[in-house]
Structures are given as C-alpha cells and as structure tokens.
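Encoded as structure tokens, the structure appears first; notes follow it.
The values are calculated or read from the model by the stated rules, or taken from the named source; none is laboratory data. Source: prediction; values computed, not measured. Reconstructed Cβ throughout: ideal geometry from the backbone, glycine too, with neighbour counts over all protein chains shown.
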C-alpha cells in the first residue's frame, strides 16, 4: 500500500468505492452484494470486536448483530458522509463498546481490567502481520507514550475517557487533549485527508 | 442555545473513539457538533483514523459466523431509506397489523415534548424553532409528524405497572412507531428507562435506546424498522442501558 493512497485500507482487491458501490446494491435488497460486503468486512469487524470484547463467543454474537445491522441499515448509508468501511467499523466499535459497558458485562469487566494489555501490545500481537497493521503500529510508535496509552485504552479497550483517566492517573481535561492530539498525529501519519 | 465552549471542542477525539461516559454527554456533544463545522471535519477524519486502527486488528471470523448471518438476512427486514419517496416504498401496508383506531394522530397532539430532554415544544412555531436548536434532524422531525398524520396511524395509550402512561402511534405502511410518555416516575440515580422492540416469537429483541425524562414527560421518540407482530416495551435498567433487558417490561404494547 502506498503512502499516498487515500483513506481506507482495503480487504483484498477491494477499496472504498468498491465497497460503497456494493453497499448501494445491498440497500436495494441485493443479497449477493451483501455476501461480497461480508467477505470484505467480516474480518475487520470481527477482529475489532474481539479486540474490545475479548471473549470469542460474545464477540461472535456481537459481530453477527453488527453484520445484520449493516444489512438492515444499508438503505440509510450516506456515501457523502464517509466510506462504507468507516461506517461499518463505526457501528462495530459502538456495539463492542456497548457490550463491554453493559451492566451484565460489568462484573466480568472488573475481573479482566487487571489483564488489560499493555496498550502497545494491542497492535503488536495481531496474528496477521499485515502491511496495514505494520503501518498503524509504526504510526502508534510515533505518538508520545501517554497519547498512545490513552488512544489504545479508549479504542481497543473500550474504556470511557473517565476510566482512561483513572487508570492512567491523569486529569480528565488532559485526557481529552491527549486523545485529540494523538489522533491528529495518527491521522497525519496515516495520510488520512 | 448553549455557548460554544472550548471544553466541547476538545472532545472531538473522545467522541470519535466512542469514549464519552454517558448518553447525556454524547447528546450534549452532538448538539455542539451540529453547529461546529470545524469539529465535524475533525471528527470525520478521526473516524477514518479509528477505522484504520480497527482494520489493523482484523482477524478471520469463525466460519460459522457466515452461515449464521446469511441465514438471518432473508428474515431481516431492511429499513426504508430516509428520503423515502412513494415510488421507493418497500412494502405494502399490512392490513392485519393492528386494529385501526380513529383520529389517532390528533390525540397525541403537538403538546408532546420534542425530544432529548431539552426543550418542550407546544406549538407548531416552536416546533420549527426546535429544528434548529436540537440535534434532531429535520428528516427525523418530519418522519415523526408523518407517522402521526399517516392515514393508517393507530394510537394506543396504556398505563404502566409503575405509574404514568405510554402512548404508541403506529403506522404500518411506514414500519414506524412514535412513542411518548407521561408521568413516568422520576429515575433514581444510576437507573434509566430503556426501550425495546420484541419480535413476535420473542427470540429477537432489539434495544431502541434510552428515554430522557424532562418534567415528567418524554419524547416523541421515533422507532423505525418495526416488523409485523413486534411488541414495544420499556424496562428500568442500570445507567448506560443493557444489551438485553434484565427485567420484565413495565409496559408492553403491540407496536
């Protein structure tokens, strides 16, 4: 993948416009198009949810909900507001966060907070050492340690910024700016326009 | 409305990572976002950036997931597009959906509070004003009114087991319902009212979000994608809501 390429990484042979076009067909009830969308997005959706939720069985359940939500709400997808991949991954992340913050998950979560990964590992232990993962990792390396910790705890850990602040012993107002400044640096490093 | 506060500007990153603490915080930031172009652009870029972080941890899903999803697809009704022009309507009205009640739309009236616990809207005038003040989109307001005035609108008001009433206006042709409440008990700290759509066979339960109480009233809340036979219910849940209801609904109404 070249540095100049805009926005989204793509699942094999895909690309933004490709998925956007497929989603327009899904919006008209095209099930074959949805299978192609599944092939492009199921891996990223499942991987992200697994990262946040951590329990494979629950992650599979949430992934199923998200993929069906993509089918169900495809007619509401507006390509003018962003790519299909960003839309889908935004849904996936929200659902994953909903799951870990729900009351039922609270107890289990308390138990696992002790074993939340050192944030840096969040990307490092990815099974598939894809080019994209490499690039993201390089860009994460370019952040200050507290920017990196704040972003990975919030995004991969599913913690609220208040929880991130508590874990890192940093004031809320500082967490806000760390996350924002870190994301600006990540965005520029990844060449997001 | 609220002045632009720098503390809201700096929340763009937190918001884009879904890391705000409460629904109220999200609602407040989204009101700010609606008026802050710079923030909107930044949030958009951050979402793309976050997507890259998500893509980087892609994993092959369990093989069973594909079959599970594809099995559900033919049974899962898609939402109508928001700019639902007549020619694009997906399904014909289902006459057996609910018994018709006369003069449904009128009863709910314009006295209902328009949403998000911020402003009570009592007149058509304020309604249009609210369009600018609140993060309810114009399309959503239009949809709410379209349901209330639909020719096949039906209305059911039911007393709940914990006090107060819940009113559901349904339009089968639009697959939508509008929900308002009156006199629900004030919430204890750490509790929320959560809305649900429950499939006719009980095996499909979908959260439709949380209710915000304002002066003992809520709504109207628009719920889309309602299927034939769905039951609408409300439960009392821990703050933040839950994925599935943890208790029996204190009110249930055929949607």
Some residue of region A:171-183 being within 8 Å of another protein chain (Cβ to nearest Cβ), surrounded by 20 or more Cβ atoms within 10 Å (Cβ to Cβ) and closer than 17 Å to residue B:56 by Cβ: yes
Region A:129-149: number of residues that are touching a residue at least 24 places away in the same chain (Cβ under 8 Å), more than 9 Å from chain B (Cβ to nearest Cβ) and assigned to a helix (DSSP H, G or I): 6
Unique match (being facing chain B (nearest Cβ under 7 Å) and either farther than 30 Å from residue A:161 by Cβ or surrounded by fewer than 22 Cβ atoms within 10 Å (Cβ to Cβ) (or both)) among A:80, A:74, A:36: A:74
Exclusive hit being at pLDDT 80 or above, loosely packed, with under 15 Cβ neighbours inside 10 Å and more than 12 Å from chain A (Cβ to nearest Cβ), set B:24, B:111, B:106: B:24
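Here's the yes/no breakdown for (1) closer than 20 Å to residue B:14 by Cα; (2) in the same structural domain as residue A:27 (by TED's automatic domain parsing); (3) at pLDDT 95 or above:
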site	(1), (2), (3)
A:86	yes, yes, yes
A:89	yes, yes, yes
A:96	yes, yes, yes
A:120	yes, no, no
A:128	no, no, no
A:151	yes, no, yes
A:172	yes, no, no
A:187	yes, no, yes
A:193	yes, no, no
When residues of region B:43-69 are limited to those that are more than 7 Å from every other protein chain (Cβ to nearest Cβ) and surrounded by fewer than 16 Cβ atoms within 10 Å (Cβ to Cβ), the one nearest to the chain's Cα centre (by Cα): B:67
Elements of type strands (runs of 3 or more DSSP E) contained in region B:155-255, each with 2 or more residues being within 14 Å of another protein chain (Cβ to nearest Cβ) and free of Cβ contacts under 8 Å to residues at least 60 places away in the same chain: B:191-198, B:205-211, B:231-238
Residues (under 16 Å from residue B:254 (Cβ atoms) and surrounded by fewer than 16 Cβ atoms within 10 Å (Cβ to Cβ)) located in region B:166-204: B:199, B:200, B:201, B:202, B:204
